[in-house]
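The values are calculated or read from the model by the stated rules, or taken from the named source; none is laboratory data. The shown structure was predicted, so the numbers you read here are calculated from the model rather than taken from an experiment. So basically every Cβ, Gly included, is an ideal-geometry build from the backbone, and we count neighbours across all protein chains shown. Note: accessible area is taken over every heavy atom of the protein model, side chains too, but ligands, DNA and RNA are not part of it. Shrake-Rupley method; radii C 1.70, N 1.55, O 1.52, S 1.80 Å.
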Amino acid sequence: AQIAASGGNGAVVLTAGDSVIQNANVSAQGAGRVDVTATAGSITMAGGATTTTQNADVTYAAANSIAVGAISTNTPGGNVRLTAQSGAVTDANVGALNITTNMLTASAATGIGAVADALDTTVTTLAASTSGTGPIAVNETNGVTLINVIAANGPIAVTAGGTINAHKVVSSTDA
């Protein structure tokens, strides 16, 4: 089933004691945000699943990993935050856009995207960090500003269709 909230605030907040498996679309209308939390597990979006807001923020937080289908905040107003505490943020819809937003902030233990299958984005600003071994791999359709892109132990690979403005991009060790 699809999950939608409309009118007024229109917020959607999903919290699971374990994992969240998103096989359907989630959308919030008005000024509504979307918050999805997997307290002890992972968040897995099906390849065709979407999450959308109308210029509001989207936050996905998982104790383990996050597999991203498509998330859009209908920029310029919203931002996306992805946090995978002990795992990775990966691409669940190979070759299609994963994130469309103003600013993407992603943090993971074991990688953001993969060298062979980067996250596909249309964002203005990217902040990304890994705390363990793993890459930061992003394919941006336009230009992008990189702020605090820090890989603890892995390569950073950002490909953009326009200008890359880099501010503090660090790969401490290339695994």
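The residue list 87, 29, 149 was ranked by how far each Cα lies along the charge dipole of segment 1-151 toward its positive end, using unit charges on Cβ atoms, and 29 comes out on top.
For segment 34-48, backbone phi angles converted through the Karplus equation (6.51, -1.76, 1.60; θ = phi - 60°) give residue-by-residue couplings of 10, 10, 10, 10, 10, 4, 10, x, 10, 10, 10, 8, 5, x, x Hz, Gly and Pro being listed as x. Taking label points 7 Å from Cα along the Cα-to-Cβ direction, residue 114 and residue 85 give a separation of 2.5 nm. Labels on offer are (1) 25, 18, 13; (2) 55, 14, 11; (3) 34, 19, 11, and the one holding semi-axes √(5λ) of the Cα gyration tensor in Å computed from this structure is (1).
Amide H contacts of residue 11 (H built 1.01 Å from N, in plane; Pro and chain starts excluded): 33 sit under 5 Å, all sequence-distant by 5 or more or on other chains.
Sorting 14-27, 141-154, 43-56 by their mean Cβ neighbour count within 10 Å, with the most densely packed peptide first, gives 43-56, 141-154, 14-27.
Using a simple spin-label model with pseudo-atoms 7 Å out from Cα toward Cβ, residue 174 and residue 129 lie 2.3 nm apart. The portion of the accessible surface of the chain made up by carbon and sulfur, rounded to a whole percent, is 51 (1.4 Å probe; DNA, RNA and ligands excluded). Taken per residue, the accessible surface of the chain reaches 41 Å², heavy atoms only and a 1.4 Å probe.
For the chain, modelled as a GNM whose springs connect Cα atoms under 10 angstrom apart, the maximal fluctuation among 107, 129, 86 occurs at 86.
Were the residues from residue 40 through residue 19 laid out at 0.36 nm apart, the gain over their Cα-Cα distance would be 6.9 nm.
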